[in-house]
1. Check A398 against each of (1) assigned by TED's automatic domain parsing to the domain that holds W330; (2) in a loop (DSSP other than H, G, I, E, B); (3) at pLDDT below 95; (4) of a type outside the set (D, E, K, R) and name the one condition it does not meet.
2. Tally time: how many residues in the stretch 101-116 are in a helix (DSSP H, G or I) and either touching a Lys or Arg at 6+ places or on another chain (Cβ under 8 Å) or buried (at least 21 other Cβ atoms within 10 Å of the Cβ) (or both)?
3. In the list C160, C119, which residue meets the criterion of being modelled with pLDDT under 95 and crowded, with 24+ Cβ neighbours inside 10 Å?
4. I'd like to check which helices (runs of 4 or more DSSP H) are fully inside the stretch 309-374 and have at least 1 residues that are of a type in the set (S, T, Y).
5. Looking at S3, S11 in this structure, which one is closer than 27 Å to S472 by Cα, at pLDDT below 95, buried (at least 16 other Cβ atoms within 10 Å of the Cβ) and among the hydroxyl-bearing types (S, T, Y)?
6. Among the residues in the stretch 543-556, are any over 27 Å from the mean Cα position of the chain (by Cα) and among the aliphatic types (A, V, I, L, M)?
7. Could you say which residue among A100, A108, A104 is under 21 Å from N640 (Cα atoms) and touching an Asp or Glu at 6+ places or on another chain (Cβ under 6 Å)?
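The values are calculated or read from the model by the stated rules, or taken from the named source; none is laboratory data. Just so it is clear, the model here is predicted, and its values are computed rather than measured. Cβ placement follows ideal geometry from the backbone for every residue including glycine, while neighbour counts extend to all protein chains displayed.
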Amino acid sequence: MFSRTVVRRSSPLLRYASTQARGLQAILQKKPDDVVITFAARTAMGRVRKGQLKDHPVDEILLALFKATLAKTGLDPSKVDDICVGTCHPPSPLYISRAAAIAAGIPAEVPISTVNRLCSSGLMAVRNIAHDIQSGEASLGIAVGVESMTLNPRPTPEICEDVSLNSQSHDCVQPMGWTSEMVAQNFNVPRDKQDYYALISHSRAEKSLKAGIFNDEIIPIEIRGQKIVEDDTVRPGVTAESLAKLKPVFPGWGGELTTAGNASGIGDGAALCILTTRDRAEKEGMEILGKWVGSSVVGVDPRYMGIGPVPAIEKVLSQTGLRKEDVDTWEINEAFASQFAYCVEKLRVPIEKINVNGGAIALTHPLGMTGTRQIVTGLAQLRRQNGQILCTTSFSRATSRTSPPAGAIIVNPSQTGTSTFSTISEAVASLPDDSTSQNIFIYPGTYEEQILINRPGAVTIYGYTEDITDYSENQVIIRNSLSKAQVPASGGDDATGTLRVKSSTVSIYNLDIHNDYGPGSQALALSAFGTKFGAYSCRFYSYQDTVYSNLGLQVYLRSYFEGAVDFIFGSRGQTYFEGNTIATKGAGCITASGRDGDYDSIFLFNSNTIIAAPDAFSNVTGNVFLGRPWGDYAFVVFKNTVINAPMNKAIWSQWSSSDPNTDHVFFAEYNSTGSGVEGASRPSFATVLSESDAEGYTVVTALGDDYASWVDTDYML
């Protein structure tokens, strides 16, 4: 959701916790900390396998777009705090995106990430950068959506037999055309209605192309001497008669109503937005195109995934206090005319306000690009008609987890019965004491209990969520407040853990785990002793010793850690951290490695962000360290870390003045960036790795060659 009349704020100290403005008049007020878009442009698009971009891979398209953007805006690339690229199917997207950015002249110190939410990837890239700026983690960022459908066609995913036994899980991986037919069949969208909406899209796109409307949003690029300035995807002369003659492209599915004329084309291209605060934009003389107002993510039955824009729009309108009548222009993705017709008629929005220059049915749909392209197109249209509010939406598959997998033990306090329990501990206790793999699904709620998982077989715990990749959407909270003084001495730190893991293989998803004891004693949120343990999009909260990673192979991906004193610690674990946010609450060390000479244990951090917690104590400033050696042979490596917490200039600490433990430690960094490391003066026992040395520390270093056999790699960057 965007406002064009963009933009005044209160103190930046209140930015993180400020409430969202609600209602049209409140949204149209200008505040210094508004997140605004100062540049929005796209490449011309090319037809798949036949068009002008067919021979150009994603990194080459990105390189050209980055170069053209820097040249047109005059932006100093060293001032960029973060880049997020939304894309779906190129191999190793983070590598090629970062390489393209550096080749375009963007310094290596500027971090980059990628996001894959299929057709919504471009929107998610913008959302991620907007959230970074809202939280204060960034001041200026670039969001990109890009795809080469020619060179990276969508693979047909496969799932194992046990997963496919669940009907909704089976539907998650069915071809997109099948979902179009299911929408048409279930919601009674006949062929003539689909062709009617398709013709509107084709006619509008052809008219806009001829009138030069798209020139307002296309930034010319040049690749290998080829100038790319105009879409080659729009088909001229489409009529109702020509659409009616087309044969169905998905025979045997549903009513066979989807054709090449009423479904989106597939193609190649990229789009880009620059976001910053209103205050910065005004001070630096940047043109303000629009204001980021809000966003929402919802899940729907995967069989009918194309109807997702309806509940998403209803949710964001409710969040912002806007009415549909307040929105001047809409960009709703047209993957298929079946789902587009459903959305238009369900929302009861005049078609005159939706996709006024045509949509993906006519323009084409490079998956990762489309969400960002819709913002670019919508903002340009908003300006032309002197409008105020733009709403844009897309949809993708299998991003929520709101129902249990087949055969799962269920935790739901409001509905108990066979295989359904009111507490997590009861559900865990019900698991058979054997080697079988077991699943637990937890419905939303706050569970005040201590949980011990200790059985021979694997255990996977899923928390209810509307976004499996975003821990801020977690709805399952587990709380306890045990301290070391409150447990038997024989139990040690482990006995204080809110979640204690002893089983050989355990994975947890979308759980918020708290130990609320506070300062003054060891008080664990998580104690993990399993042979293989994985945490995905989880949040861990305590003050001292938040996470005890002490045995076996462990991985933490896209999660959040909060604490102050030694809040990631352990002695015998080989642990890999990627894509996490680490928030420090007060003076202390983030890590405490207890490795001695007999262990191969390591803490390896790659592409994480370190910040001050929103409610950090005043003593945090200048008193935060990456780690100290709990053991004589402590081994900790941080790579590609954005450090914006107020660090001590030494960065690393000895254990204590009387017992430093620094003779044999290996504390190392590579490519640490951010305000926290400015002016750093590291001690002699710390190492800054060269690029070639850093290449020797990868996920394989920590977890071994077969890590992909048990790690959920979908959560890796």
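1. Every listed condition holds for A398 apart from (1).
2. Pass one, the stretch 101-116, residues in a helix (DSSP H, G or I): 101-103.
Keeping just the survivors that are either touching a Lys or Arg at 6+ places or on another chain (Cβ under 8 Å) or buried (at least 21 other Cβ atoms within 10 Å of the Cβ) (or both) gives 101.
Total satisfying the criteria: 1.
3. Details: C160 fails: crowded, with 24+ Cβ neighbours inside 10 Å.
After applying the criteria, what remains is C119.
4. Details: elements: 309-320, 337-347, 360-363.
Ranges flagged: 309-320, 337-347.
5. Values: S11 fails: buried (at least 16 other Cβ atoms within 10 Å of the Cβ).
Matching residue, one of S3, S11: S3.
6. So far as the stretch 543-556 goes, yes, one or more of its residues are over 27 Å from the mean Cα position of the chain (by Cα) and among the aliphatic types (A, V, I, L, M).
7. On the way: A108 fails: touching an Asp or Glu at 6+ places or on another chain (Cβ under 6 Å); A104 fails: touching an Asp or Glu at 6+ places or on another chain (Cβ under 6 Å).
Answer to the selection: A100.
Yes/no per residue for (1) modelled with pLDDT under 90; (2) not polar (S, T, N, Q):
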| site | (1), (2) |
| --- | --- |
| T581 | no, no |
| K585 | no, yes |
| S593 | no, no |
| D596 | yes, yes |
| Y599 | yes, yes |
| T609 | no, no |
| P614 | no, yes |
| T621 | no, no |
